[in-house]
Amino acid sequence: MKKMLALALALVMSLTMTCVVAGAEDVVVSWYTFGDVYLTSVRTALDAAFEEMGINVTDKDSNANQQTQTDDINTALVTGTNAVVINLVESGAIGTAETLMNAVAQWGIPAVFFNRAVSTDDAEAAALFNSYDKSVFVGTKFEEAGMMQGTMIGEYVLEHYDEIDLNGDGVISYVMFKGDEANQEAILRTKYGVENADAVLTAAGKPALQYYDAEATTKYLVDMNGTWSNTASFEYMSTILAQYNEANGNMVELVICNNDDMALGAINALTNVGYNTGVEGDKVIPVFGVDATDAAKELIATGRMVGTIKQDAEGMADAVATITANLIAGRDKFEGLNENYTVIDNWMVTIPYAVYTGE
């Protein structure tokens with residue numbers, strides 16, 4: 001009798017799961033936050049790409065809360081979906097990524113992680129994705145953005161040294177805005193954005209950049225909420241300018257930002273005190289970002305910002321959609337992938353960065 005009941009229960013559960021999946025949205029995409037400007041561009045492009053493929057999509061906002069993301073994904077798995085696409089909240093947290101991967105793998109559906117790294121160690125990440133053949137990570141080589149930004153900054157400063165050196169002391173003072181204390185992209189953008197600039201300058205016989213506050217032990221200002229926001233950079237920059245300005249002979253002469261939204265906040269603060277207005281003849285403090293958002297492109301076009309590093313939102317979306325559709329259909333996961341993207345060891349696809357100065 002017990003055996004018959006167990007068999008009947010298993011049959012009911014199997015039929016229930018079949019019905020749930022059959023009536024489900026095709027793909028659930030869990031986002032770190034809807035508030036991120038770059039990710040908003042990716043979301044728009046990804047929704048369009050899935051729509052063009054005839055795939056229904058449900059976007060879920062984790063609002064920068066890992067528990068919310070975990071709950072949303074578990075709910076999606078229970079109610080039914082044909083694939084889960086994950087923009088991990090806790091970037092670099094391999095334990096969190098493993099928990100989510102294991103949950104998805106139990107249902108035998110594709111798991112595509114993208115943009116935010118699952119680990120600080122590529123070997124560790126590779127082991128995770130190789131443990132489940134229906135999984136892929138789509139992202140960038142996150143050290144490249146900082147390296148490219150730093151080199152761009154160094155070359156620009158070298159070319160415009162005397163006009164940037166407002167107090168004529170022969171040294172360029174800078175402020176660095178970091179998006180998130182723990183995020184690997186933020187860590188390496190903060191590191192290489194200065195180091196690579198210094199390498200260019202010192203090779204040409206110029207002094208290395210000097211952080212605006214000589215007494216500071218940490219050479220950056222971080223968004224304490226970890227959301228890379230223009231609100232944080234605006235508030236920081238406004239406070240800085242009250243003390244560090246041309247009248248005091250210690251004006252900040254260069255602004256480096258981990259992303260374009262923080263660049264926007266810094267520029268708005270500068271504009272409030274008469275810099276970076278876009279008006280011909282007004283002084284411009286060089287500001288650099290990462291992402292090449294539409295807002296940044298407009299700031300560059302109007303002379304209020306110098307440059308950024310393009311993180312290809314459309315390319316990211318195209319790769320995620322193509323791989324997800326392939327996995328759902330049971331095709332080779334990389335079939336039809338754009339040849340400009342790089343496949344690494346069958347688990348990772350990287351989208352290239354590019355310098356953007358509007359030229």
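The values are calculated or read from the model by the stated rules, or taken from the named source; none is laboratory data. Small disclaimer: the values here were computed from a predicted structure and weren't measured. Here the Cβ is made from the backbone with ideal geometry for all residues, glycine too, and neighbour counts use every protein chain on show.
Summary table
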{"item": "Unique residue being buried (at least 18 other Cβ atoms within 10 Å of the Cβ) and at pLDDT 95 or above when the list is Thr81, Thr58", "result": "Thr81"}
{"item": "Among the candidates Asn196, Asn183, residue that is at pLDDT below 95, of a type in the set (S, T, N, Q) and out of contact with any strand residue (DSSP E or B) (no Cβ under 8 Å at 6 or more places or on another chain)", "result": "Asn183"}
{"item": "Filter result for Ala103 (closer than 22 Å to Leu188 by Cβ, free of Cβ contacts under 8 Å to residues at least 40 places away in the same chain and either in a loop (DSSP other than H, G, I, E, B) or not β-branched (Val, Ile, Thr) (or both))", "result": "no"}
{"item": "Residue within the range 230-248 that is buried (at least 17 other Cβ atoms within 10 Å of the Cβ), among the hydrophobic types (A, V, I, L, M, F, W, C) and more than 15 Å from Asn272 (Cβ to Cβ) present", "result": "yes"}
{"item": "Residue among Val343, Val349 that alone is surrounded by fewer than 16 Cβ atoms within 10 Å (Cβ to Cβ), touching a strand residue (DSSP E or B) at 6+ places or on another chain (Cβ under 9 Å) and under 24 Å from Ala49 (Cα atoms)", "result": "Val343"}
{"item": "Segments classed as strands (runs of 3 or more DSSP E), wholly inside the range 308-359, with at least 3 members that are in contact with a helix residue (DSSP H, G or I) (Cβ under 8 Å, 6 or more places away or on another chain)", "result": "308-311, 353-356"}
{"item": "Conditions (1) more than 25 Å from Glu143 (Cβ to Cβ); (2) buried (at least 19 other Cβ atoms within 10 Å of the Cβ); number of the one not met by Asn268", "result": "(2)"}
{"item": "Filtered residue count, the range 111-155, keeping only those that are assigned to a helix (DSSP H, G or I) and among the hydroxyl-bearing types (Ser, Thr, Tyr)", "result": "1"}
{"item": "Matching entry among Leu88, Leu166, Leu158 (being among the hydrophobic types (A, V, I, L, M, F, W, C), outside any helix (DSSP H, G or I) and surrounded by fewer than 19 Cβ atoms within 10 Å (Cβ to Cβ))", "result": "Leu166"}
{"item": "Leu270, sole failed condition from (1) among the hydrophobic types (A, V, I, L, M, F, W, C); (2) within 27 Å of Ala186 (Cβ to Cβ); (3) in a loop (DSSP other than H, G, I, E, B)", "result": "(3)"}
{"item": "Per-region count, the range 46-84, residues part of a loop (DSSP other than H, G, I, E, B) and under 24 Å from Asn183 (Cα atoms)", "result": "4"}
{"item": "In the range 103-151, the residues that are more than 21 Å from Glu314 (Cα to Cα), of a type in the set (A, V, I, L, M) and either buried (at least 24 other Cβ atoms within 10 Å of the Cβ) or assigned by TED's automatic domain parsing to the domain that holds Ala321 (or both)", "result": "Ala103, Val104, Ala105, Ile109, Val118, Ala123, Ala125, Ala126, Ala127, Leu128"}
{"item": "Some residue of the range 249-257 being surrounded by fewer than 22 Cβ atoms within 10 Å (Cβ to Cβ), out of contact with any Pro (no Cβ under 7 Å at 6 or more places or on another chain) and outside any loop (DSSP other than H, G, I, E, B)", "result": "no"}
{"item": "Selection within the range 315-359 - over 21 Å from Ala125 (Cβ atoms) and among the β-branched types (Val, Ile, Thr)", "result": "Ile328, Val355, Thr357"}
{"item": "Filter pass, Gly278 being assigned by TED's automatic domain parsing to the domain that holds Glu246, surrounded by fewer than 16 Cβ atoms within 10 Å (Cβ to Cβ), in contact with a Ser or Thr (Cβ under 9 Å, 6 or more places away or on another chain) and part of a loop (DSSP other than H, G, I, E, B)", "result": "yes"}
{"item": "Flag if Tyr211 is in contact with a strand residue (DSSP E or B) (Cβ under 9 Å, 6 or more places away or on another chain), free of Cβ contacts under 8 Å to residues at least 40 places away in the same chain, within 30 Å of Arg116 (Cβ to Cβ) and among the aromatic types (Phe, Trp, Tyr)", "result": "yes"}
